Amino acid sequence: MAKKAYLDHLRNVPLFAGTTKKELERIAKSGDEITMTAGTLVVDQGQTGREAFVIVDGTVTVKRNGRKVTSLGPGAIVGELSLLDHGPRTASAVCETDCTLFVIDQRHFLAVLDDVPSLGHKMLATLAGRIRELDRAYYG
């Protein structure tokens, strides 16, 4: 798939919402397409991560401590915290179906952030929103 074909998929990722076409093109140039068959482990909870995966086609199941948390489809992103640090994965993700994924590694993503600082602002806002959701879910 041509890099420009990823623009629609990247545009649907909440993390990249509000970015311009030019910014999305820069992100698209920084990653690669991979395919994985059903049952393949995408990320393993507890392992060090260095990349994130945008689901282009297929369904991925997210599990934490062996329990299913959710299923994700096209436009969702898995492993985005690893774009910021080399910490352990907080959950596992397994392909429910055959999947096409767009993978972005940390080194390339950080270079994009240097070129597109507004993306860093958006990412911080998105992550803050997730922290607030978790806080509400945990503390009420």
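The values are calculated or read from the model by the stated rules, or taken from the named source; none is laboratory data. This is a predicted model, so every value here is computed, not measured. Note: ideal-geometry Cβ built from the backbone for every residue, glycine included; neighbour counts use all protein chains shown.
Starting from residues that are at pLDDT 80 or above and in contact with a helix residue (DSSP H, G or I) (Cβ under 7 Å, 6 or more places away or on another chain), keep the ones in segment 1-20 and report whichever is farthest from VAL112 (Cα to Cα).
Here the residue is ARG11.
Does segment 96-109 contain at least one residue that is over 21 Å from ASP8 (Cα atoms) and touching a strand residue (DSSP E or B) at 6+ places or on another chain (Cβ under 6 Å)?
yes
Tell me, which residue of segment 5-27 that is in contact with a strand residue (DSSP E or B) (Cβ under 8 Å, 6 or more places away or on another chain), hydrophobic (A, V, I, L, M, F, W, C) and assigned to a helix (DSSP H, G or I) is nearest to ARG130 (Cα to Cα)?
The extreme case among them is LEU15.
Can you tell me which residue is farthest from GLN45 (Cα to Cα) among those in segment 81-102 that are among the β-branched types (Val, Ile, Thr) and surrounded by 16 or more Cβ atoms within 10 Å (Cβ to Cβ)?
Result: THR100.
Give the residues of segment 91-130 that are among the charged types (D, E, K, R), assigned to a strand (DSSP E or B) and modelled with pLDDT of 95 or more, sorted by residue number.
If the condition is that a residue be among the charged types (D, E, K, R), assigned to a strand (DSSP E or B) and modelled with pLDDT of 95 or more, then no residue fits.
May I ask you to list pairs of residues, at least six apart or on different chains, whose Cβ atoms are under 6 Å apart, with the first in segment 24-48 being over 18 Å from ASP85 (Cβ atoms) and the second being part of a loop (DSSP other than H, G, I, E, B)?
ARG26/VAL116; GLU33/MET1; THR37/ASP98; ALA38/THR97; ALA38/ASP98
Given the residues ILE131, ILE55, which is the only one that is surrounded by 12 or more Cβ atoms within 10 Å (Cβ to Cβ) and out of contact with any Cys (no Cβ under 6 Å at 6 or more places or on another chain)?
Exactly one of ILE131, ILE55 is surrounded by 12 or more Cβ atoms within 10 Å (Cβ to Cβ) and out of contact with any Cys (no Cβ under 6 Å at 6 or more places or on another chain), namely ILE55.
Search segment 91-112 for residues that are closer than 21 Å to LYS63 by Cα and pair each with any residue that is part of a helix (DSSP H, G or I) and of a type in the set (Phe, Trp, Tyr) when their beta-carbon atoms are under 6 Å apart and the residues are at least 6 apart or on different chains.
Listed pairs, sorted by first residue: PHE102/TYR6.
Scan segment 108-128 for residues that are surrounded by 14 or more Cβ atoms within 10 Å (Cβ to Cβ) and not aliphatic (A, V, I, L, M) and report the count.
5
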